[in-house]
1. Checking residue 178 against (1) of a type outside the set (Phe, Trp, Tyr); (2) outside any helix (DSSP H, G or I); (3) surrounded by 14 or more Cβ atoms within 10 Å (Cβ to Cβ), which test does it fail?
2. Can you run down the residue pairs with Cβ atoms below 6 Å, 6 or more apart or on separate chains, where the first is in segment 33-49 and within 15 Å of residue 3 (Cβ to Cβ) and the partner is loosely packed, with under 13 Cβ neighbours inside 10 Å?
3. Scanning segment 50-76 for residues that are free of Cβ contacts under 8 Å to residues at least 60 places away in the same chain and among the β-branched types (Val, Ile, Thr), which turns out surrounded by the fewest Cβ atoms within 10 Å (Cβ to Cβ)?
4. Using beta carbons and a limit of 6 Å, which pairs, at least six apart or on different chains, have the first residue in segment 1-29 and among the charged types (D, E, K, R) and the second one in a strand (DSSP E or B)?
5. If I go through segment 111-130 residue by residue, how many of them are surrounded by fewer than 19 Cβ atoms within 10 Å (Cβ to Cβ) and touching a residue at least 40 places away in the same chain (Cβ under 8 Å)?
6. Can you tell which of 108, 146, 175 is at pLDDT 95 or above, within 21 Å of residue 36 (Cα to Cα) and over 12 Å from the mean Cα position of the chain (by Cα)?
7. With segment 1-102 as the region, which strands (runs of 3 or more DSSP E) entirely inside it contain at least 3 residues that are under 14 Å from the mean Cα position of the chain (by Cα)?
Amino acid sequence: MTKLSYYTATTLDGFIADPDDSLDWLLRQEQDTAGPLNYDEFIMTIGAIVMGSTTYEWILGHEGATGAPWPYSMPAWVMTSRTMKPPADADVRFASGDVRPVYGAMVGAADGKDLWVVGGGELVGLFADAGLLDELIVYVAPVTLGAGRSLLTRRLDLELLETHRNGAFVASRYGVVGRLREDQPTSESS
């Protein structure tokens, strides 16, 4: 069965990018590319991806600025309300509104493989709201930013499935149990 994952890195205080959308904090961290929960093994299981427009523009601005081709070989969806242009020689599609039809199209295009929400936190939240998010794979870096783009903007009940050290990171995989209601107590309020 196809599953939808959020595979990302975050700071210890829960940010995936700084207030200027920089990932400099991430790119300077030591990592074993063949270590636990590594990207190369993960990406081989992925048949379709989805991202928000900020992530899309960051990829174009950083990967494209070096002259590198679009980094993904599988179909990609970008959730945006703006008119945007896809990169040449890449299967990039644009959508807006409800994520459920996008999810259905992604499953159809993935040819039996899994799906990845590349980023960001609000987009992941929309998939979680629709009951479509299955797991989070999170690399936590020994960095605090104090502000920036949040890892996730929803209250979720998660189950820790595995955790490892990978270089400077704590890498963990969580299953999504469900949404926490706003009136449901957290450990801070109980």
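The values are calculated or read from the model by the stated rules, or taken from the named source; none is laboratory data. All figures in this text were calculated on a predicted structure; none of them were measured in a lab. All Cβ positions, glycine included, derive from the backbone under ideal geometry; neighbour counts span all protein chains shown.
1. Of everything listed in (1) of a type outside the set (Phe, Trp, Tyr); (2) outside any helix (DSSP H, G or I); (3) surrounded by 14 or more Cβ atoms within 10 Å (Cβ to Cβ), residue 178 misses just condition (3).
2. 47/111
3. The qualifying residue surrounded by the fewest Cβ atoms within 10 Å (Cβ to Cβ) is 66.
4. 3/114
5. 5
6. 175
7. Qualifying strands (runs of 3 or more DSSP E): 4-11, 15-17, 46-52, 76-79.
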